[in-house]
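Notes for the one structure printed next.
The values are calculated or read from the model by the stated rules, or taken from the named source; none is laboratory data. Quick caveat: nothing in here was measured; it's all calculated off a predicted structure. We place every Cβ from the backbone using ideal geometry, glycine too, and count neighbours over all the protein chains shown. Please note that ligands, DNA and RNA were not included when accessible areas were found on the heavy atoms of the full protein model with its side chains. Shrake-Rupley method; radii C 1.70, N 1.55, O 1.52, S 1.80 Å.
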Amino acid sequence: MRSLSDAIEQHAREYPKMRPADAVKLIYQNEFGGEHMITNEDATLEYLKKEMAPIAPDSRPPFTPIGNHRSRLELASQTAAALGPELINRMFVFSSNRGGTMESFEEKLERLRDSVDEGIFSFTPADYDSFLEKYRASGCPALHHSETYREAYLPSYRVVDSGFARIAELMVKISALLSRGVPVVVAIDGSAASGKTNASRLLAGVFGASVIHADDFFLPFDMRSKERLSEPGGNFHRERFAAEVIPNLRMGLEFTYNAFNCSTGELSPVTVSPRRLTVVEGAYCLHPALGKYADLTVFSPISPDKQELRILRRDGKEMFDKFDRIWIPMEKKYNKAFGIADSCDMVLPG
C-alpha cells in the first residue's frame, strides 16, 4: 500500500487545489485504471486524436505514478507527442484489461481518509465525508475532475501501466521500424530480474508481438560440462537457438521450437505465430555467436539492491542465494566478456 501513500502525498503536494472529487478520482484510477472509458477502441482513438490535436507539447514529466503499477501519461509531454495517439491508445486499452474490486477500492478510500485527517489537502475531513456520502449513494461511479482542478491544472492524460514509462523510447523506435512494412525483430538482453519479461509483455500487448524467451534455451543437463559452463554465456544453448529460431524469424510462417524445462530436463514444443514484430527476451540472447539477427538490440540493467529485492520478492531467499552464488556471476561474466550493454542499440533505464 506504500505506493498509494506516495501517490496521495505527491498529488496533494503538486496539486494543492484538489477537491474531494479529485482525490477520490485518484483512488478510483489507482484501483480500476481507465477501463470505464473504453467501450470501443476505435472510438477512444478518435477521442484521443481530438484531445491531442490542440495540445502544444511542453517539458512536463511524461509519467506521474498513481500507485498499483499505474501511471498517468501526460498528453502534453514530449514523450506523448513522440508516441502519438495510436500507440497511446493501444497502451491505454491494454492497461485497462487489469480490473479492480470494490472491496479493495473501499479499503483505499479509508486510507485516503487517513491522509485527509493528516491535513495534507486543502479541503477538510468534513468536506471529504460529505462528498463520499453522496458518492457512495450514487453507486461509486467513475468521476470527472472538479471544475476547480480543471481550471487550475488543465488535466489531459491517460492511465496506463507504469511499465510503459521505461520502454516509451523503445516503443517509438519500434514503431519507426514497423513503418517500413517488413517484419521486425527486437532482442532484449540484460540482467536477472531487470524487467526483460515485463517489457516483452507490454510490447506484445501494444504491438501484438510474438515473444520468444531465452530461458527456454538453458543448457541441457548432459551438456553441462565444466568446460562448457566456464565459457561466458556457456549455460545458454545457443546452438539450438541458432538452429530452431533464427532461420524462422523472417519467414512469415508459423514455426515451432522446443522449450527446455529446467525441473524435468524435458523438451516441449512452443509454437510461434508470424507477426509484424517478434521480441526475443532473456539473458544471453545477444551472444555474439548468434550473429546480428535482430533489427534492434536492447540491454536491460538493474542496480544490485533492486535486483536483490525483486528476486527475494519473486522467488524467495533460497532461490536468491542460488542466483547470487551461480547465475548472477555468470551473467556478469558474459556481459563483461562480450560488452553486451555497450554493443546494444539502446539501454533501458535501470
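If each residue of separation counts as 0.36 nm, what is the full-extension length gain between residue 140 and residue 177 once their alpha-carbon separation is subtracted? Write out the running numbers ahead of the final one.
Numbers: separation 37, 0.36 × 37 = 13.32 nm, distance 4.37 nm.
Length gained, residue 140 through residue 177: 9.0 nm.
Extending 7 Å from Cα along the Cβ direction at residue 111 and again at residue 345 yields two label points whose distance is 3.9 nm.
Between residue 17 and residue 261, the contour length at 0.36 nm per residue exceeds the Cα-Cα span by 82.3 nm.
Taking a threshold of 32 Å on the Cα-Cα distance, which of the pairs 50/173; 173/333; 17/108; 173/322 fall above it? It would help to have the intermediate numbers written out before the result.
Numbers: 50/173 24 Å; 173/333 29 Å; 17/108 21 Å; 173/322 36 Å.
Pairs exceeding 32 Å: 173/322.
I'd like the antiparallel share, as a percent to the nearest 5, of DSSP beta bridges with both residues in the chain. The answer is about 50 percent antiparallel.
The length gained by stretching the chain between residue 243 and residue 10 to full extension, at 0.36 nm per residue less their Cα-Cα distance, is 78.7 nm.
Relative to the longest principal axis of the Cα atoms of the chain, the long axis of helix 164-178 lies at roughly 60 degrees.
Just to confirm a number: summing +1 for Lys and Arg and -1 for Asp and Glu over residues other than residue 217 whose beta-carbon lies under 10 angstrom from that of residue 217, what do you get?
Values: positive: 238, 240; negative: 215, 216, 239, 244.
Net charge around residue 217: -2.
Normalised by the residues of segment 227-319, what does the relative contact order come to in percent, with Cα pairs under 8 Å and at least six apart? Mind dumping the intermediate values first?
On the way: 52 pairs, mean separation 18.6, N = 93.
Value for segment 227-319: 20 percent.
In this label model, residue 198 and residue 60 are separated by 2.5 nm, measuring between points 7 Å along each Cα→Cβ vector. Solvent-accessible area per residue in segment 1-98 equals 45 Å², computed with a 1.4 angstrom probe and all protein chains kept.
In this structure segment 114-157 gives 58 Å² per residue of accessible area when probed at 1.4 Å with all protein chains present.
Solvent-accessible area assigned to carbon and sulfur over segment 211-252 amounts to 57 percent, based on a 1.4 Å probe. Modelled this way, with points 7 Å down the Cα-to-C-beta line, the labels at residue 98 and residue 3 are 0.6 nm from one another.
How high is the FRET efficiency between residue 133 and residue 305 when r is their beta carbon distance and R₀ equals 51 Å, given to the nearest 0.05? Before the final figure, lay out each step's value.
Details: r = 45 Å, r/R0 = 0.88.
Efficiency, rounded to the nearest 0.05: 0.70.
Across the alpha-carbon set of the chain, the Rg to Rh ratio works out to 1.03, Rh being the Kirkwood radius. In this structure, the amide hydrogen of residue 211, modeled 1.01 Å from its nitrogen in the peptide plane, lies closer than 5 angstrom to those of 279, counting only residues at least 5 positions away or on a different chain.
Ranked from largest, the principal axis spans of the Cα set of segment 212-282 equal 40, 24, 17 Å.
Please compute the per residue accessible area over segment 202-350 with all protein chains in place, 1.4 Å probe, rounded to a whole number of Å².
Details: 7880 Å² over 149 residues.
For segment 202-350, the solvent-accessible area averages 53 Å² per residue.
Surface composition of segment 62-210: carbon and sulfur make up 53 percent of the accessible area, probe 1.4 Å.
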